[in-house]
């Protein structure tokens, strides 16, 4: 693996789960894999994992929370390290592609198994 000072490239393979921290203006992301490896990789090689809500959550959308029903597809943008996530419920476009809508906070516990 290549390195630049204290910075190292993160080599990943298809199917690796990478938790992305910061992203710079050039499109490089600081990431960490489940196995503890960390470094920088092009954000373009990453895609968000789609989660499925396992439980309902009656969040007040007007106050920045996401209202969820079991089976709703979700993208997680941020985890606060505790009991809350910030993300968006996905709807389907006319072409059937997932489109983020209704972003807000929701409890981590509503997420089904990854």
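The values are calculated or read from the model by the stated rules, or taken from the named source; none is laboratory data. What you see is a predicted model, and the numbers here were worked out from it, not measured in a lab. Positions of Cβ are backbone-derived with ideal geometry, glycine not excepted, and every protein chain shown enters the neighbour counts.
Anything in the stretch 1-15 that is outside any strand (DSSP E or B), modelled with pLDDT of 85 or more and over 22 Å from residue 81 (Cβ atoms)? List them, or say none. Correct list: 11, 12, 13, 14, 15. Whether a residue is surrounded by 14 or more Cβ atoms within 10 Å (Cβ to Cβ) and in contact with a strand residue (DSSP E or B) (Cβ under 6 Å, 6 or more places away or on another chain) was assessed, and residue 77 does not pass this test. Residues that are in contact with a helix residue (DSSP H, G or I) (Cβ under 6 Å, 6 or more places away or on another chain), free of Cβ contacts under 8 Å to residues at least 40 places away in the same chain, part of a strand (DSSP E or B) and surrounded by 12 or more Cβ atoms within 10 Å (Cβ to Cβ) do occur in the stretch 80-94.
Restricting attention to the stretch 20-62, the residues that are surrounded by 13 or more Cβ atoms within 10 Å (Cβ to Cβ) and at positive phi add up to 1.
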